[in-house]
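The block underneath contains the structure these notes are about, expressed in structure tokens.
The values are calculated or read from the model by the stated rules, or taken from the named source; none is laboratory data. Computed from a prediction, not measured in an experiment: that's the story for all the values here. Heads up, the Cβs are rebuilt from the backbone with ideal geometry, glycines too, and the neighbour counts pull from every protein chain shown.
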């Protein structure tokens, strides 16, 4: 099994990392959310496995449930939040030209990471 990479909001595991795509299993702790961000080189497809996250896609908020999915085109501002009492789990499939963590432009962040280079 792949190693978990812990962040202030939860953690993720890279399940597959290929030249043409990357797949992650992401867990968001209750009451936490990822930064409001966008990517230049990749699009993302999120499929919700567990929980009921609130997703921001540009100026739209969408409440999702297990089995739901959402497409996030490159360049679109997005964020996922867990307003519930149990962890949110989702699968992220990245497609595009580049999948490095440094392709994250943080616009807002609960953990003071705006302007910092992702690790």
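Restricting 97, 103, 109, 68 to residues that are modelled with pLDDT under 95, surrounded by 13 or more Cβ atoms within 10 Å (Cβ to Cβ) and closer than 27 Å to residue 18 by Cα narrows the list to 103.
Criterion applied to 114, 62, 56 was being farther than 19 Å from residue 11 by Cβ, surrounded by fewer than 14 Cβ atoms within 10 Å (Cβ to Cβ) and either in contact (Cβ under 8 Å) with a residue 12 or more places away in the chain or in contact with a helix residue (DSSP H, G or I) (Cβ under 7 Å, 6 or more places away or on another chain) (or both), and the one residue passing it is 114. The residues listed here are 49, 14; of these, the one that is in contact (Cβ under 8 Å) with a residue 40 or more places away in the chain and either within 24 Å of residue 2 (Cβ to Cβ) or not in a loop (DSSP other than H, G, I, E, B) (or both) is 49.
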